[in-house]
Amino acid sequence: MVSVRSARRLSRLLVGTSAVVLAFLLAPVSPAHAAGDVPVPTTSLSNKGVGAVSDADKDFVVKVRLAGLWEIPAGNMAVEKSKNPRVVSIGKSIAAQHVVLDSLDRAAAKRLGIMLPSDPNSDQQLWLSEMRNAATPEQFDQIFVDRLRAAHGKIFPAIATIRASTRNDSVRKLAQESNQFVMTHMTLLESSTLVDYGSLPTAPAPAAANGGPVPVDGQMIINARSNEGMPGVSTTVVLLVLAAALVAGVITTMRIFRAR
């Protein structure tokens with residue numbers, strides 16, 4: 001026979017355990033953060049330099065190198081010249097992250113035998129000159145944010161094109177990595193609240209009316225429509241069912257011990 005005191009202790013233990021498990025099941029899952037402040041994604045893509053390298057691939061590898069050649073000094077300049085703590089933080093992060101991306105790019109270029117530049121191009125040198133000659137910290141902030149945001153917006157679609165079309169595995173992996181860096185930098189720059197969106201170039205009109213930038217065939221539309229209204233089971237529903245079953249089991253166990 002189980003004593004009343006032992007039954008009560010066991011009941012409290014079961015209730016406490018169920019509460020912990022329930023909290024674990026219903027807790028929101030947060031995404032894993034990359035080490036430090038550098039968003040290098042972990043992928044299963046190969047990186048052996050296998051596959052044909054097109055002129056577009058070579059141009060992409062060179063452009064990634066050029067990006068680092070001017071954005072690293074631009075970020076360092078933000079740390080020195082800006083009086084805005086947010087801009088200082090953005091500049092520091094972008095400079096540090098481009099050091100890592102530049103290392104990845106140079107490794108890919110070496111593997112593929114691609115010659116890389118050692119100096120920024122004429123446009124990039126002009127942007128750096130604008131930043132150096134800014135009359136006030138506020139003027140510097142605006143130039144820094146606008147120039148970098150516009151540059152990232154231009155290379156963003158180029159990365160997508162290379163990622164989707166390249167035949168070379170090292171270029172594909174570099175494009176995958178570069179995409180993460182560029183998206184992170186765009187988000188950082190926009191967090192300054194200084195971006196002049198009205199000055200950014202607009203997207204080109206689609207080739208066909210209502211065609212959109214992504215080709216969609218008739219069968220895709222039919223499949224999508226046939227799935228409309230179909231019930232689905234979300235992760236939250238599954239967790240709630242499991243939690244309810246756990247609580248029910250605890251209650252049943254408590255009743256059994258009380259009866260004894």
Listing Leu174, Leu69 by rising number of other beta-carbon atoms within 10 angstrom, fewest first, gives Leu69, Leu174
Going from the fewest other Cβ atoms within 10 Å to the most, one would list Phe60, Phe144 as Phe60, Phe144
Computed over the range 55-195, the ratio Rg/Rh where both radii use C-alpha atoms and Rh is Kirkwood: 0.98
Charge dipole (debye, nearest 20) of the range 55-195; +1 at Cβ of Lys and Arg, -1 at Cβ of Asp and Glu: 340
What three numbers, in Å, describe the spread of the alpha carbons of the range 115-180 along their principal axes, ordered from the longest? 47, 23, 14
Relative contact order, percent, of the range 55-195 when contacts are C-alpha pairs under 8 Å separated by at least 6 residues? 30
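Only the coordinates and a few stated rules stand behind these numbers; no lab work does. Remember, predicted model here, so these are calculated numbers, not experimental data. No Cβ is skipped: glycine too gets one built from the backbone with ideal geometry, and neighbour counts run over all protein chains shown.
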